[in-house]
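Q: Sending over a structure as structure tokens; questions will come in a sec.
The values are calculated or read from the model by the stated rules, or taken from the named source; none is laboratory data. All figures in this text were calculated on a predicted structure; none of them were measured in a lab. Glycine gets a Cβ as well: all are built from the backbone with ideal geometry, and neighbour counts include every protein chain shown.
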Amino acid sequence: MASSSNSTLTNSAARKMKVAELRQELLSRGLDSGGLKQDLLDRLLNDLSSASNAAAAAPQTTETKTKRKDSDGEGSSLDISPSTRYVLRFHGTFNHISATASCGCVLYNSETDKTVWCGTQFYSAGESAQLAEMKCLSQALSGLYKLGVRRLIVQGHARGTVVNQLQGNFGVRTKPLQALYTDIERIMAQFEECEVWGIAVDQIAKVQVLSKQSLDSKTSEGFEVFSVFSKHVPVADQDGGDIASSDVHGNDVDRHDHSIEDKAINHSDDLHTEDLGLEAQDHDDDEEEEEETLVPLPSFSPTKQYVLRFDGGSRGNPGTSGAGMVIFDSESGLEVWSAFEYLEETTNNVAEYSALLSGLKCAKALGINKIIAEGDSTLVVKQVKGEYEVKSAHLKPLCTSVREVARSFSSFSINYIPRAENFRADQLANVAMDEKFSMGLEVLDYLESDEHVSGQPKGRTNRSRPEVVDAVASAPMMAQPSAYSSPGDSSAISHDQLPIPDAEISEHQLSPHRTYVLRFGGGTKDQSGGGSAAVLKDDISGEEIWSGFHFVDDRDASQFIAGYTGLILGLRKASSMGVQRLIVEGNMKFVIEQMAGNWKVKSEEIKPYYAHAKELSDNFEDVEYQLISSQDIAHLKALCGDAIAYRQSQLPGFSSYK
């Protein structure tokens with residue numbers, strides 16, 4: 001029979017025992033202790049499994065259950081070790097009809113690949129899948145930390161918004177998400193190790209099933225194990241101290257969730273076109289404009305050394321191929337950047353070279369000056385070093401390009417590593433092949449424009465002057481008569497006749513691979529004319545880049561004409577500054593829905609404005625239209641009010657304004 005000291009022995013701990021320890025444990029249990037290590041281990045694991053099943057089958061008394069709830073977690077059934085690295089996978093699901101959402105989480109032991117814990121959360125307050133994932137992650141990370149997890153890899157779908165937000169690729173715009181993002185960042189900082197990875201969709205199949213089941217059954221499961229730890233758990237803060245009698249959030253988890261739900265409900269209030277009225281704003285509205293949450297971007301020092309690991313693969317050789325690249329900080333060992341590239345059909349060697357070349361180019365564009373490249377392809381490593389001759393004609397230009405980029409670094413070396421050590425780059429290459437798309441290579445736009453290489457990204461001729469600016473700044477685009485006016489209709493207005501000033505080409509050029517936010521508004525007051533305004537902001541820092549307002553000198557102008565005018569002014573300005581990725585926000589549902597293609601344009605008066613705004617919008621690489629509340633455009637309302645009150649325009653960087 002096992003001694004009391006061995007009653008808590010786990011499968012994971014048993015696998016780490018030495019032969020002598022295994023023999024002693026088997027003897028204490030009255031089992032045969034002869035044979036090789038694998039035989040000894042199998043006997044012990046079978047015995048542990050039998051004991052666990054017997055304990056599960058035995059009825060649990062009320063006294064035992066109460067003790068588990070009052071023991072501050074001592075009775076937890078989760079086998080957690082602070083020294084073990086765990087993997088937390090998550091996925092959210094949203095039902096558009098019922099406006100409900102759910103999120104599933106699965107925790108794995110990275111050493112044994114065994115499932116340690118599963119949990120689901122159902123939300124009925126109208127959360128999106130994104131909000132559900134954020135809320136669920138916040139609770140899961142907080143609970144796992146309290147259970148003793150200290151080393152964690154968080155994994156979600158590579159195309160998922162939340163994954164890219166946590167990696168710093170996307171900004172966090174809405175207030176409920178900003179609050180949750182801040183919580184998650186704070187909790188993740190408490191772990192000794194915590195990384196965020198994007199993985200292929202087939203790797204989260206189990207989590208997807210759990211999330212769908214939770215949504216269908218409208219139930220939550222698994223998270224009750226964390227409730228035991230909700231109070232009186234000291235957690236190390238970022239300064240190394242202790243936060244006594246508090247959870248990671250600094251308050252009760254349930255209360256925090258309710259506050260976020262309230263914010264989500266308030267944010268989704270029904271919006272009306274009357275919200276664009278230009279009444280004077282109360283001082284309280286101005287005070288309620290909260291500070292934008294800053295999303296940290298990776299910072300790369302030209303004096304520090306970094307490690308680039310690369311890998312390429314081909315399914316068929318030649319066949320569907322992908323490349324994976326990841327950069328680590330050589331001092332801390334933490335992942336600081338990653339990307340993957342879909343290469344369509346090519347060979348394995350070409351994929352390996354492509355991974356190395358793209359990785360080096362991205363490192364250079366990020367400002368890195370000292371790099372060590374590591375890969376598991378003996379051929380590529382030795383050819384780049386010059387130890388192997390490059391005989392294949394199709395590999396020679398790739399090798400030459402790699403050497404040219406390598407010479408641009410102040411310090412460069414390349415080494416071979418075993419495939420087992422290159423698992424992260426291999427995983428990213430497989431994500432590219434599975435998902436058949438690329439992510440993380442946008443930074444190459446800088447490098448390509450600087451070097452004036454051929455085959456430059458569409459819409460750009462050089463870094464300082466995008467092609468799209470010429471089309472917008474020189475003259476407004478003409479509408480297609482067949483789409484927006486009837487033949488022989490003399491009342492139809494062409495774009496060059498719209499009473500809207502043109503933006504000049506701006507000396508201040510913005511990054512073509514970053515996303516920016518354009519907010520617009522417009523309105524009328526009595527018969528004094530209309531006011532239009534636009535504000536361009538950085539999506540990540542929230543910093544205002546440009547703002548302006550315009551007086552619409554037309555007593556009969558509608559608020560929708562004023563709104564479209566504000567939108568066109570903003571689009572022209574963004575184009576003149578080289579923006580290629582844009583999120584357009586406004587509280588005029590009429591305009592937003594029409595620009596998003598959800599509502600048809602029927603008014604002949606509005607058609608030319610819509611046509612011009614649509615063509616301007618189509619010149620950007622990526623544009624997303626979002627409806628926001630009237631509270632979020634208080635600044636725009638004030639600008640519109642100034643335009644009407646003073647009957648003038650202030651549009652910095654425009655060719656003419658009153």
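Q: Take the residues in segment 202-216 that are closer than 17 Å to A101 by Cα and under 20 Å from the mean Cα position of the chain (by Cα), then tell me which one is surrounded by the fewest Cβ atoms within 10 Å (Cβ to Cβ).
A: Out of the qualifying residues, it is Q208.
Q: If you go through segment 575-601, how many residues are of a type outside the set (D, E) and not in a helix (DSSP H, G or I)?
A: Initially, segment 575-601 is screened for residues of a type outside the set (D, E), giving 575-584, 586-592, 594-601.
Imposing the further condition that a residue be not in a helix (DSSP H, G or I) reduces the set to 577-584, 586-588, 596-601.
So the answer is 17.
Q: Got at least one residue in segment 323-336 being at pLDDT below 85, under 18 Å from the mean Cα position of the chain (by Cα), in a strand (DSSP E or B) and not small (G, A, S)?
A: The answer is yes, given that some residue of segment 323-336 is at pLDDT below 85, under 18 Å from the mean Cα position of the chain (by Cα), in a strand (DSSP E or B) and not small (G, A, S).
Q: Among the residues of segment 356-371 satisfying the criterion of being of a type in the set (A, V, I, L, M, F, W, C) and outside any strand (DSSP E or B), which is surrounded by the most Cβ atoms within 10 Å (Cβ to Cβ)? Please lay out each step first, then the result.
A: Going through segment 356-371, the residues of a type in the set (A, V, I, L, M, F, W, C) turn out to be 356-357, 360, 362-363, 365-366, 368, 371.
Checking the rest, the ones that are also outside any strand (DSSP E or B) come to 356-357, 360, 362-363, 365-366, 368.
Details: L356: 31, L357: 21, L360: 26, C362: 24, A363: 25, A365: 19, L366: 17, I368: 22.
Ranking the qualifying residues of segment 356-371, first place goes to L356.
Q: Output the residues belonging to segment 384-399 that are free of Cβ contacts under 8 Å to residues at least 24 places away in the same chain and surrounded by 11 or more Cβ atoms within 10 Å (Cβ to Cβ). Walk me through how you get there before you give the answer.
A: Here is the first cut: in segment 384-399, the residues free of Cβ contacts under 8 Å to residues at least 24 places away in the same chain are 386-391, 393, 396-397.
Answer for segment 384-399, where residues must be free of Cβ contacts under 8 Å to residues at least 24 places away in the same chain and surrounded by 11 or more Cβ atoms within 10 Å (Cβ to Cβ): Y388, V390, K396, P397.
Q: Does V380 count as touching a residue at least 12 places away in the same chain (Cβ under 8 Å), touching a strand residue (DSSP E or B) at 6+ places or on another chain (Cβ under 7 Å), closer than 16 Å to L308 by Cβ and of a type in the set (A, V, I, L, M)?
A: Working: touching a residue at least 12 places away in the same chain (Cβ under 8 Å): yes; touching a strand residue (DSSP E or B) at 6+ places or on another chain (Cβ under 7 Å): no; closer than 16 Å to L308 by Cβ: yes; of a type in the set (A, V, I, L, M): yes.
Here the answer is no, as V380 does not meet what is asked.
Q: Would you please list the contacts, defined by Cβ atoms under 8 Å and residues six or more apart or on different chains, that run from a residue in segment 127-143 that is without any contact (Cβ under 8 Å) to a residue 12 or more places away in the chain to a residue that is of a type in the set (S, T, Y)?
A: Between residues of segment 127-143 that are without any contact (Cβ under 8 Å) to a residue 12 or more places away in the chain and residues that are of a type in the set (S, T, Y), there is no close pair.
Q: Name the residues in segment 30-40 that are at pLDDT below 80, touching a helix residue (DSSP H, G or I) at 6+ places or on another chain (Cβ under 8 Å) and among the hydrophobic types (A, V, I, L, M, F, W, C), would you?
A: Selection gives L40 alone.
Q: Right, next: Residues of segment 134-182 being of a type in the set (D, E, K, R), over 21 Å from V207 (Cβ atoms) and modelled with pLDDT of 85 or more, which ones?
A: Here is the first cut: in segment 134-182, the residues of a type in the set (D, E, K, R) are 135, 146, 150-151, 159, 173, 175.
From what's left, over 21 Å from V207 (Cβ atoms): 146, 150, 173, 175.
Hits for segment 134-182 are K146, R150.
Q: Do we find a residue being assigned to a helix (DSSP H, G or I), touching a strand residue (DSSP E or B) at 6+ places or on another chain (Cβ under 6 Å) and within 30 Å of P176 (Cα to Cα) anywhere in segment 619-638? Walk me through how you get there before you give the answer.
A: At the first step, the residues of segment 619-638 found to be assigned to a helix (DSSP H, G or I) are 630-638.
From the residues that got through so far, the ones that are touching a strand residue (DSSP E or B) at 6+ places or on another chain (Cβ under 6 Å) too are 633, 636.
Those still in the list that are within 30 Å of P176 (Cα to Cα) too: 633, 636.
Scanning segment 619-638 turns up at least one residue that is assigned to a helix (DSSP H, G or I), touching a strand residue (DSSP E or B) at 6+ places or on another chain (Cβ under 6 Å) and within 30 Å of P176 (Cα to Cα).
Q: Modelled with pLDDT under 90, in the same structural domain as L518 (by TED's automatic domain parsing) and under 17 Å from R514 (Cβ atoms): is that true of Q631 in this structure?
A: Working: modelled with pLDDT under 90: yes; in the same structural domain as L518 (by TED's automatic domain parsing): yes; under 17 Å from R514 (Cβ atoms): no.
No: the conditions fail for Q631.
Q: Then there's this: Out of the residues in segment 594-615 that are free of Cβ contacts under 8 Å to residues at least 24 places away in the same chain and within 21 Å of I633 (Cβ to Cβ), state the one that is surrounded by the fewest Cβ atoms within 10 Å (Cβ to Cβ).
A: Filtering segment 594-615 for residues that are free of Cβ contacts under 8 Å to residues at least 24 places away in the same chain and within 21 Å of I633 (Cβ to Cβ), the one surrounded by the fewest Cβ atoms within 10 Å (Cβ to Cβ) comes out as N598.
Q: Let me ask another. Restricted to segment 535-574, and to residues that are of a type in the set (S, T, N, Q) and in a helix (DSSP H, G or I), which residue is farthest from the chain's Cα centre (by Cα)? Steps first, answer last, please.
A: Kept after step one, since they are of a type in the set (S, T, N, Q), are these residues of segment 535-574: 541, 547, 558-559, 565.
Filter again for in a helix (DSSP H, G or I), leaving 559, 565.
On the way: Q559: 36, T565: 32 Å.
Among them, the one singled out is Q559.
Q: If I ask for residues that are outside any loop (DSSP other than H, G, I, E, B) and among the charged types (D, E, K, R), which ones from segment 144-189 would you list? Please lay out each step first, then the result.
A: First pass over segment 144-189, keeping only residues outside any loop (DSSP other than H, G, I, E, B): 144-147, 151-157, 161-166, 175-189.
Hits for segment 144-189 are K146, R151, K175, D183, E185, R186.
Q: Still on this model: What is the number of the single condition among (1) within 14 Å of the chain's Cα centre (by Cα); (2) in contact (Cβ under 8 Å) with a residue 40 or more places away in the chain that L147 does not meet?
A: In the conditions (1) within 14 Å of the chain's Cα centre (by Cα); (2) in contact (Cβ under 8 Å) with a residue 40 or more places away in the chain, L147 misses (1) alone.
Q: Residues that are in contact (Cβ under 8 Å) with a residue 40 or more places away in the chain, surrounded by 23 or more Cβ atoms within 10 Å (Cβ to Cβ), among the β-branched types (V, I, T) and over 18 Å from Q626 (Cα atoms): does segment 546-559 have at least one?
A: Looking for residues that are in contact (Cβ under 8 Å) with a residue 40 or more places away in the chain, surrounded by 23 or more Cβ atoms within 10 Å (Cβ to Cβ), among the β-branched types (V, I, T) and over 18 Å from Q626 (Cα atoms), one finds at least one in segment 546-559, hence yes.
Q: Scan (1) assigned to a loop (DSSP other than H, G, I, E, B); (2) at pLDDT 90 or above for the single condition E74 breaks and write down its number.
A: (2)
Q: Go through segment 199-214 and give me each residue that's more than 11 Å from R89 (Cβ to Cβ) and either touching a Lys or Arg at 6+ places or on another chain (Cβ under 7 Å) or not in a helix (DSSP H, G or I) (or both).
A: Hit for segment 199-214 is A200, nothing else.
Q: So, Y353, is that one surrounded by fewer than 17 Cβ atoms within 10 Å (Cβ to Cβ) and either in contact with a helix residue (DSSP H, G or I) (Cβ under 8 Å, 6 or more places away or on another chain) or closer than 24 Å to A158 by Cα (or both) or not?
A: Values: surrounded by fewer than 17 Cβ atoms within 10 Å (Cβ to Cβ): no; either in contact with a helix residue (DSSP H, G or I) (Cβ under 8 Å, 6 or more places away or on another chain) or closer than 24 Å to A158 by Cα (or both): yes.
No, not satisfied.
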